[in-house]
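This report refers to the structure that appears directly beneath it.
The values are calculated or read from the model by the stated rules, or taken from the named source; none is laboratory data. It should be emphasised that the depicted structure is a prediction, and the values quoted were computed from it without experimental measurement. Cβ atoms come from the backbone with ideal geometry, glycine included; neighbour counts cover every protein chain shown. Keep in mind that these areas ignore ligands, DNA and RNA; they rest on the heavy atoms of the full protein, side chains included. Shrake-Rupley method; radii C 1.70, N 1.55, O 1.52, S 1.80 Å.
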Amino acid sequence: MTRPVRFTFDGADIAAAPGASLAAALTAAGVRGFRETETGSERGIFCGMGVCQDCLVTVDGRPGRRACMTAAAEGLDVRRQPARPPLTPPPATTLTPVLRTPQVLVLGGGAGGLTAAIAAREAGAEVLLLDERTTTGGQYFKQASGSVPPLDAQQAEGARLVSAARAAGVEMLHGAEVWGAFPGPRILAADAAHVYDVAPRALIVATGAYERPLMIPGWTEPGVMTVGAAQTLWRSYRTLPGRRVAVFGNGPLSAQVALELARGGAEIAFLGEAAPDPLRRPGATFAMLRHDPRLAAKGAAMLAALARRGVRVAHGTRPTRIARQDATLTVSWEGPRGAAEAEVDAVCLSFGFHPQNEVLRLLAAQMRFDPRFEQLRPERDETCATTVPGVWAVGDCCGLGGAPAAAVEGRIAGRAAAGGGGPTAAERRALARHRGFQDALWRLYAATTQRIEDMAPDTLICRCEEVPRSALDASLDAGCEDIGAVKRATRIGMGRCQGRYCAPALAGYLARRAGADPVDAGYFAPRVPVKPVDIATLTAAEPLLAADADADAADG
Amino acid sequence: MADDLVVVGGGITGQAAALAAAEAGARVTLIDWGRNAGSAANAGSLHVQMQSRFLRLNPHLAENVERSLPLYRAAVAEWARLDAALGGVEMSREGGLMLAETPAQMAFLETKAARERAQGLDVDLLDRGALDRIAPYLGPGLVGAELCRDEGKINPLVANARMTTRLEALRVRRVRDRIVSVTAEQAEGTDRYPARAVLVAAAWGSGALLPMLAMPTPPEPLHMNITEAGDYRIRHLVQHAERSITLKQFRSGQVVIGGGWPAEGGADGTPAVLSRSMAANVALAGRIAPGIAGLRVIRTWAGLNTPVDGKATIGPVAPGAALHVALPGDAGYTLGPIVGRAAAAVALGLEPPVDPAPYSPERWRQ
């Protein structure tokens, strides 16, 4: 047994397993609220993957550190973050500027990114891969931190893929987060010690997806998190989100996570699925079996295992409200059997996925709106090339497709980006099969996306700026017509998550109010930084980019 | 039925013009294309002292700027009037600092301050000790600053929202259309808007609409950054004697960093951010005010400034004409309300709040 690391939280000693994130360590220690908001509410872990910017803490005098993305380390002074941190100069950090010009740059270390990197390497290209997590593998393979053995076949498969990428000679930078994307393409990223300016010959975007939230009153309370965040706590850090947990979602992930948490020792108080009972739709079930009997059987086995533990999926059920009293959450829901509620200490919520397409939109890749999944998808050719020369996109950042499809797309795009040929017949067949399975899967789990018009007036649509539906409606009644005007009137979407949660919901809402289709222009304009970026990072980047300006001047 | 006044351009200048006209009882239509406009990209600085950036880039226009200084003072007074009339726009008048890092920069500020004082500005020179007493958030390496007590800032998000509400209450008709031609009788886009007087307040779009005037209105795309919120400590509008920077903090805590770093004209006319402007602008801000280094930059954008000749243009395109211009000429958000109100008054035959004679379009007549 390795020795635990020790740090303090507001002066109290916390012991953490080596490799644990601060978020996992604090959760294990029973700490839920990490920071305070402008209105005095508490916030803790929500997305668990660096997107929501809600788990911010001050670490060694530097505010704005995401507890979910920051590793616990010996002697750290971690503090609860006030709504407005003091303007005390933080300790100086010096990042080394690095200019890189790989043949192929891959963004994302999940199923699509790793496979693309391996394929490009095998086609002879020099490949650099940036992954924002310190433990590579992505959200599907979700690797364990530290030296914990794989939990199951899914983690083992991910570990093999990471090893294969390493063995193929892919250079991987872990903990490197992209903050800028400029024409070229030119990608700007940073890790704890460097700032990178990467000008690749070919770029493969494999940035995956993040969870579409279920917005209900109370969804911002500490202890309420996405299903994926709870899964990361358990799979990566062997930490349960709570002893007694309620899970609400849409799609197979919520049942899978409920089972994993139950096996880990949590009591699943309730498992709600938004889609109606599949037994009522045998056609869709059959279609899924036909496309991938192995995956379909895996799903059936999962439900059987849950049933053995006394957990049954309540179909057609959605949560309506969460109230918190100290550490106790009371979650209410409605389903075919009426309304009910339960007291739990964690609630996991999700409703499908949103593609992480910020880099693609910044590079002006042409997007189209997919009305079925209510998301933007980039236009791609059969090699997964986008409309921007030199830029490919694979996997869930192009709209939900699942890990197996992402892997095939990665293989195709990786080879093409390295100058190799188009997809083989076998790859085309595999892709058709995986896409067919996804199609059948989501027909089985078809449920109406949550709509703002159905939400309670006190539902916060914008978590960051704490804008309730009532304020949004007031701005629309006052004559705001487009998403930009609504943003300026209410501050909706102006916060740290940069509109990742509110914008997609808002785009659909505004479009329906106007009787129009949501289009790319209906979303907030894409902007750098892709994620909030430290002033120290920009300062370190200055010489790299100023040199670029000199080069421009020389060219001119 | 023809309106009393049709205003082309829904930015702060056009809004202020529409407001003034409607308050005087006129029937007003305010038309905006809704793109790169409508005061969507403003940062809310209330400039009064001569901006070193402008002087550096346009030394030949320094005299125009200097002669406009009284207008800048009137502009801040107009904002104060609006602050009260609109029910609060988070205006603060705690002054603006222009920082010096070298004795030479300090000497430049001394000369500048003397010229500004002659135009009635409330300015003072501060040594490092005096600077530290009023601005303890500043970093090392500064020798002093010029303080201009007339300067301040407003929150443009609040101001724009309040302005919209007020215009609605006064039943100003707001239309989204791209106006392609104007005459003394009407503005024309997808639709026609007949009026007894037409006022063009379309910033960088004005030149093309008014071919009878040789008025250069190329837009100057400028880079802007905003951080997450921190404790409210930076009360001044902060600039530098030699380097391009404007730094201020909204009362809601976010720090807005700009000051004239270039952006690029995008393919569809939407300006695009340049990485080197972002890095250099923010790095400079971090050196000047090291306390902000704990905050992260969460958003950048590019706004379009319309410097023209550094002087406002207010009045009819020809003596007695019913086609009018309202163009601030640099620092559009500061000057917008006074220029808009003055131009609307002239167009409606009312008493303007400032003498428009020095700002006549006469100088552009072909």
A:Gly515 more than 14 Å from chain B (Cβ to nearest Cβ), over 28 Å from A:Pro183 (Cβ atoms) and either at pLDDT 90 or above or surrounded by fewer than 24 Cβ atoms within 10 Å (Cβ to Cβ) (or both): yes
Residue within region B:237-249 that is touching an Asp or Glu at 6+ places or on another chain (Cβ under 7 Å), among the aliphatic types (A, V, I, L, M), more than 11 Å from every other protein chain (Cβ to nearest Cβ) and under 24 Å from A:Arg84 (Cα atoms) present: yes
Selected residue (criterion: farthest from the other protein chains (Cβ to nearest Cβ)) from residues of region B:286-317 that are closer than 30 Å to B:Pro70 by Cα and either over 24 Å from the mean Cα position of the chain (by Cα) or hydroxyl-bearing (Ser, Thr, Tyr) (or both): B:Thr313
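Take the residues in region B:186-239 that are among the aliphatic types (A, V, I, L, M) and surrounded by fewer than 20 Cβ atoms within 10 Å (Cβ to Cβ), then tell me which one is farthest from B:Ala293 (Cα to Cα).
B:Met212
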Pick from region A:306-327, criterion touching a Gly at 6+ places or on another chain (Cβ under 9 Å) and within 18 Å of A:Ile45 (Cα to Cα), ranking: most open to solvent (accessible area, probe 1.4 Å): A:Arg324
Odd one out for A:Gly419 among (1) at pLDDT below 95; (2) on the phi > 0 side of the Ramachandran plot: (1)
For A:Arg488: the one exception among (1) assigned to a helix (DSSP H, G or I); (2) touching a Lys or Arg at 6+ places or on another chain (Cβ under 7 Å): (2)
Strands (runs of 3 or more DSSP E) enclosed by region A:112-202 - at least 3 residues per element that are more than 29 Å from A:Thr239 (Cα to Cα): A:177-182, A:186-190, A:194-198
Residue among A:Val51, A:Val59 that is closer than 20 Å to A:Pro86 by Cβ and outside the structural domain of A:Ala327 (by TED's automatic domain parsing): A:Val59
Filter result (within 7 Å of chain A (Cβ to nearest Cβ) and surrounded by fewer than 24 Cβ atoms within 10 Å (Cβ to Cβ)) within region B:276-285: B:Arg276, B:Ala283
Residue that is nearest to A:Glu177 (Cα to Cα) [pool: residues in region A:522-539 that are in contact with a strand residue (DSSP E or B) (Cβ under 8 Å, 6 or more places away or on another chain), within 7 Å of chain B (Cβ to nearest Cβ) and open to solvent by 20 Å² or more (accessible area, probe 1.4 Å)]: A:Asp534
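Out of the residues in region B:121-139 that are assigned to a loop (DSSP other than H, G, I, E, B) and open to solvent by 60 Å² or more (accessible area, probe 1.4 Å), which is farthest from the other protein chains (Cβ to nearest Cβ)?
Per the criteria, the residue is B:Asp122.
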Hey, A:Leu545 within 11 Å of chain B (Cβ to nearest Cβ), open to solvent by less than 30 Å² (accessible area, probe 1.4 Å) and outside any loop (DSSP other than H, G, I, E, B) or not: yes
Residue match in region A:404-416 (condition: of a type outside the set (Lys, Arg) and within 30 Å of A:Asp54 (Cα to Cα)): yes
Options A:Glu260, A:Glu341: the member that is of a type outside the set (Gly, Ala, Ser), within 27 Å of A:Cys47 (Cα to Cα), outside the structural domain of A:Leu151 (by TED's automatic domain parsing) and open to solvent by 30 Å² or more (accessible area, probe 1.4 Å): A:Glu341
Region B:149-162, residues that are more than 11 Å from chain A (Cβ to nearest Cβ) and either out of contact with any Asp or Glu (no Cβ under 7 Å at 6 or more places or on another chain) or open to solvent by 10 Å² or more (accessible area, probe 1.4 Å) (or both): B:Arg149, B:Asp150, B:Glu151, B:Lys153
Residues that are closer than 30 Å to B:Leu237 by Cα, of a type in the set (Asp, Glu) and out of contact with any Ser or Thr (no Cβ under 9 Å at 6 or more places or on another chain), drawn from region B:145-190: B:Glu146, B:Asp150
In region A:381-399, the residues that are touching a Phe, Trp or Tyr at 6+ places or on another chain (Cβ under 6 Å) and surrounded by 24 or more Cβ atoms within 10 Å (Cβ to Cβ): A:Cys384
Yes/no for A:Gly493 being under 21 Å from A:Phe369 (Cα atoms), in contact with a helix residue (DSSP H, G or I) (Cβ under 8 Å, 6 or more places away or on another chain) and free of Cβ contacts under 8 Å to residues at least 60 places away in the same chain: yes
Filtered residue count, region A:111-138, keeping only those that are surrounded by fewer than 24 Cβ atoms within 10 Å (Cβ to Cβ) and polar (S, T, N, Q): 2
Single condition A:Gly479 does not satisfy, out of (1) closer than 22 Å to A:Ala516 by Cα; (2) open to solvent by 10 Å² or more (accessible area, probe 1.4 Å); (3) more than 8 Å from chain B (Cβ to nearest Cβ); (4) part of a loop (DSSP other than H, G, I, E, B): (3)
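Does region B:227-255 hold any residues that are outside any loop (DSSP other than H, G, I, E, B), out of contact with any helix residue (DSSP H, G or I) (no Cβ under 9 Å at 6 or more places or on another chain) and within 20 Å of A:Thr88 (Cβ to Cβ), and which are they?
Of the residues in region B:227-255, the ones outside any loop (DSSP other than H, G, I, E, B) are B:227-229, B:237-240, B:246-249, B:254-255.
Filter again for out of contact with any helix residue (DSSP H, G or I) (no Cβ under 9 Å at 6 or more places or on another chain), leaving B:228-229, B:237, B:248, B:254.
Hits for region B:227-255 are B:Glu228, B:Ala229, B:Lys248, B:Gln254.
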